[in-house]
Amino acid sequence: MLRIRRVLEEKKLLNLIARSSRTRWMSSITEVMSFGDGSHGALGLPTSLIGHGMDAYEPTPVTGLPSDITLVSAGHYHSLAVTSHGQLWAWGRNHEVQLGRGLLNTRDTWNEPKRVEGLDQVQVTAAFASGVVSAAIGDDGSLWVWGRSKRGQLGLGKGITEASVPSKVEALEGEKIAKVSFGWGHALALTVDGKLFGWGYLADGRLGKMGGLVEASPLDSSMNVAKHEVITQSTLEVAERLVLEGMEKEMDMPIVWDPCSVEELKGVEVVDIACGLDHSLVLCRDGTLLSSGSNTYGQLGRANHDIGLFPVDISFPAAAIASGLGHSLAICRVKSSEGEGDATSIVSWGWNQSSQLGRPEPENVPMEVEGLAGETAILVSGGRAHSIAVTSKGEVWVWGCGRNGRLGLGSSCDEPEPVMLDSLEGCEVLQAVSGFDHNLILIAR
């Protein structure tokens, strides 16, 4: 009986979080707002409003988009938006043709939202992005990718490092893809029936023990050498030399060019995935939360430092997960202060140099963000050094690094604890996502 009750409670909580899905607002008139670093055009704001490459310190409407956006996604330096009619729009950095408009467009047009070319025959239902690659999921579950990645992040086959137009990932033919998450050089894809596939850069076991290859990244090892030393000019020079040597050695690290099933999880149903820069989080149906990859900042959240996928030392049942560059976030079930009904809390761990965990030490131990106690979180997202969350009340909370206005609070000040974004009060917030240094907010009008 207790097990049945627990399953029902989990389903109820997942239904609450699912309010963020596109079915909630398919008939609504929507608007996208952005704030933060505008140096790559990822804000989608006209130069007449903020100037060329300037930042936005408060949420500002993105003009030039259709009024039926159902979903937004943020890459490291670019942005994507899906319409209710299955169209995909993009803007921001395009050095790696990740906007799907070729390289003929000059940099001063990057900030202009335009339809992605080459997807006319695809009814797009979701989109995802890394720093150099973009991806779209069709209504048939097919996966399409474009951009440039020397670490195999496209998943289009051995040696293929560039796709200037959306290309179908043939290795996943027959699978219905539900979600994709990208790191710096690796990728994970989750199917509708809970299977997990991975491809790209293998170092540190960020794809699990795929192919039995679990080598540590020489770059990550170089970073660890000087991690706890007193910083002097000499140690900086040594660290720089070690990093450069590590980058050279990294060129020969193994790459999985085609999506492959993650071996440790065959037969295990996965419900959510999230990739940080060089680590991965995997949430299983039975409530187990796994982590793998680099643990330089404690972002794996476990005392077990073995390479591969192993359980996070977390005492709260997780319902959804997210990753920043070097920190990890989870929406977890907690006991309601009233004693009954659903309640959620955000748990954080990992890199905390700019207070992106929203709480004090210890960084490497998953702990509750107490500043959100009493709030029911339904969405959370992490950037380079900041975090953002949406509650069931439709409120947006931000914390961490405020540089370039990435917290949307009108200043560059860091916030060590969650602060509500007052400028959005009264808006029906449907979604909030973070790129490295910018954010996108989807609201209903």
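Quick look at the values:
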item	result
Residue ID - nearest to the chain's Cα centre (by Cα), chosen from residues in region 75-130 that are more than 11 Å from Ala42 (Cα to Cα), of a type in the set (Gly, Ala, Ser) and assigned to a strand (DSSP E or B)	Ala129
Exclusive hit being assigned to a loop (DSSP other than H, G, I, E, B) and surrounded by fewer than 22 Cβ atoms within 10 Å (Cβ to Cβ), set Gly298, Gly371	Gly298
Val72 more than 21 Å from His40 (Cβ to Cβ) and either under 22 Å from the mean Cα position of the chain (by Cα) or at pLDDT below 95 (or both)	no
Filter result (among the small types (Gly, Ala, Ser) and free of Cβ contacts under 8 Å to residues at least 24 places away in the same chain) within region 293-314	Ala303
Search result, residues across region 143-156 that are open to solvent by 10 Å² or more (accessible area, probe 1.4 Å) and more than 24 Å from Gly41 (Cα to Cα)	Arg151, Leu156
Pairs, first free of Cβ contacts under 8 Å to residues at least 60 places away in the same chain in region 391-402, second among the polar types (S, T, N, Q) and open to solvent by less than 10 Å² (accessible area, probe 1.4 Å), C-beta under 6 Å, six or more apart	Trp399/Ser387; Gly400/Gln356; Gly400/Ser387
Residue in region 276-295 that is open to solvent by less than 20 Å² (accessible area, probe 1.4 Å), more than 16 Å from Ala189 (Cα to Cα) and polar (S, T, N, Q) present	yes
Contacts under 6 angstrom Cβ, first residue in region 267-279 being part of a loop (DSSP other than H, G, I, E, B), partner open to solvent by 40 Å² or more (accessible area, probe 1.4 Å) and not aliphatic (A, V, I, L, M), 6 or more apart	Glu269/Arg285; Leu277/Trp184; Asp278/Trp184
Residue among Val132, Val165 that alone is surrounded by fewer than 15 Cβ atoms within 10 Å (Cβ to Cβ) and among the aliphatic types (A, V, I, L, M)	Val165
Members of region 312-322 found to be closer than 26 Å to His438 by Cβ and in contact with a Ser or Thr (Cβ under 8 Å, 6 or more places away or on another chain), listed by number	Ile321, Ala322
Residue match in region 280-292 (condition: closer than 21 Å to Trp397 by Cβ, part of a strand (DSSP E or B), β-branched (Val, Ile, Thr) and in contact (Cβ under 8 Å) with a residue 40 or more places away in the chain)	no
Residue check, Ile441 over 20 Å from Ser355 (Cβ atoms) and buried (at least 23 other Cβ atoms within 10 Å of the Cβ)	yes
Odd one out for Leu196, checked against (1) buried (at least 16 other Cβ atoms within 10 Å of the Cβ); (2) at pLDDT below 80; (3) aliphatic (A, V, I, L, M)	(2)
Every residue from region 28-70 that is part of a strand (DSSP E or B), open to solvent by 40 Å² or more (accessible area, probe 1.4 Å) and out of contact with any Ser or Thr (no Cβ under 8 Å at 6 or more places or on another chain)	Pro61
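The values are calculated or read from the model by the stated rules, or taken from the named source; none is laboratory data. Please read all numbers here as calculations on a predicted model, not as lab measurements. Positions of Cβ are backbone-derived with ideal geometry, glycine not excepted, and every protein chain shown enters the neighbour counts. With ligands, DNA and RNA removed, areas are computed over all heavy atoms of the protein, side chains included. Shrake-Rupley method; radii C 1.70, N 1.55, O 1.52, S 1.80 Å.
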